[in-house]
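What follows is a single structure, written as structure tokens, with notes after it.
The values are calculated or read from the model by the stated rules, or taken from the named source; none is laboratory data. All figures in this text were calculated on a predicted structure; none of them were measured in a lab. Here the Cβ positions follow ideal geometry from the backbone for every residue, glycine too, while neighbour counts run over all protein chains shown.
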Amino acid sequence: MKKLFYLLMMLIALSSGLWSQPKATEVINPDTLQFVLIPAVRHDVTIIISEFFDKIVFSDIITVPKRALRSGESRSYFLNKDMKMEYFRINGVDQSLNLTRNLKADQFNPRLRLQSLIEINELSQMYSFVVPDLSGSEDMVSIQLKYNLTLSDTLKYVILGNGTVEMKGCNFWYPRHINQNDDISVTIHTPLNRIVKINNMEMSGDLQSGMLVHRMRFNDKFTEPADIKFIRK
């Protein structure tokens, strides 16, 4: 019964949000905008691999000091182009997102190097949001994202082949910062026939209701962001 309950919760986690994806309004040539990224602090990332759905589901809870966010100002984050957003929330409340294209280096604070901008534009999409009124919030604000990756031959930025899924850190498998280190706590649920490697270091897994659960905490360096692999045995 315990195993059945666990599997049911996993199915709910995999399927919830798929029919209520946030609306992202595409902004073309945002000449008057300036972009500031979400501050680099603590990320609690959960990843669930489902071979039944041919899908990988991600969630990330970003903990940010309230003093680092100003109500009414715009903040942004990058995510791999193969990823599909399911929801974006601040302190549990759904927020609107803008999908922004045609980025320019001088629109960022601090300004991006041109080469960095070219690489980011090729690999990722930038989502922007307006910080809501946080006057009644606690000292720490919770930003919650959920997104997914459908495993198919159409993937362009995630490497898929020979039973292996490989996501390069530079390609934003989570919304990392681009010029500061991130504190990452990751929990990964996989079928028994999967090996998980972060930066080519194999993670151990605990058996839990028919799944392997892998846990790791590490400091992700913005100069060498962590790669992650899921290898079929």
Practice prompt. Have a look at F218, F129 and point out the one that is surrounded by 14 or more Cβ atoms within 10 Å (Cβ to Cβ), within 30 Å of S74 (Cβ to Cβ) and at pLDDT below 95.
Written response: F129
Worksheet item: In the set Y147, Y174, which member is in contact with a Leu (Cβ under 9 Å, 6 or more places away or on another chain), closer than 26 Å to E119 by Cα and in a strand (DSSP E or B)?
Response: Y147
Fill in: Candidates I120, I143 - the one that is modelled with pLDDT of 90 or more, of a type in the set (V, I, T), crowded, with 16+ Cβ neighbours inside 10 Å and more than 29 Å from R194 (Cα to Cα)
I143
Worksheet item: Give me the pairs: first residue in region 97-115 and closer than 16 Å to S128 by Cα and aromatic (F, W, Y), second residue modelled with pLDDT of 75 or more and part of a strand (DSSP E or B), beta-carbon distance under 9 Å, and six or more apart or on different chains, which are they?
Response: F108/F35; F108/L37; F108/S76
Practice prompt. Name every residue in region 85-117 that is exposed (fewer than 13 other Cβ atoms within 10 Å of the Cβ) and part of a strand (DSSP E or B), in order of residue number.
Written response: V93, D94
Item to complete: Being out of contact with any Asp or Glu (no Cβ under 6 Å at 6 or more places or on another chain) and of a type in the set (F, W, Y) is the filter here, so list the residues in region 159-193 that pass it.
Response: F172, W173
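Suppose we keep only residues that are among the small types (G, A, S) and touching a residue at least 12 places away in the same chain (Cβ under 8 Å) within region 180-220. Which one would you say is nearest to H43 (Cα to Cα)?
Out of the qualifying residues, it is S185.
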Fill in: Test set (1) among the β-branched types (V, I, T); (2) part of a loop (DSSP other than H, G, I, E, B); (3) under 24 Å from D94 (Cα atoms) - T154 fails condition number
(3)
Worksheet item: Which of the residues that make up region 182-212 are closer than 28 Å to T223 by Cα and exposed (fewer than 15 other Cβ atoms within 10 Å of the Cβ)?
Response: D183, S185, N199, N200, M201, E202, S204
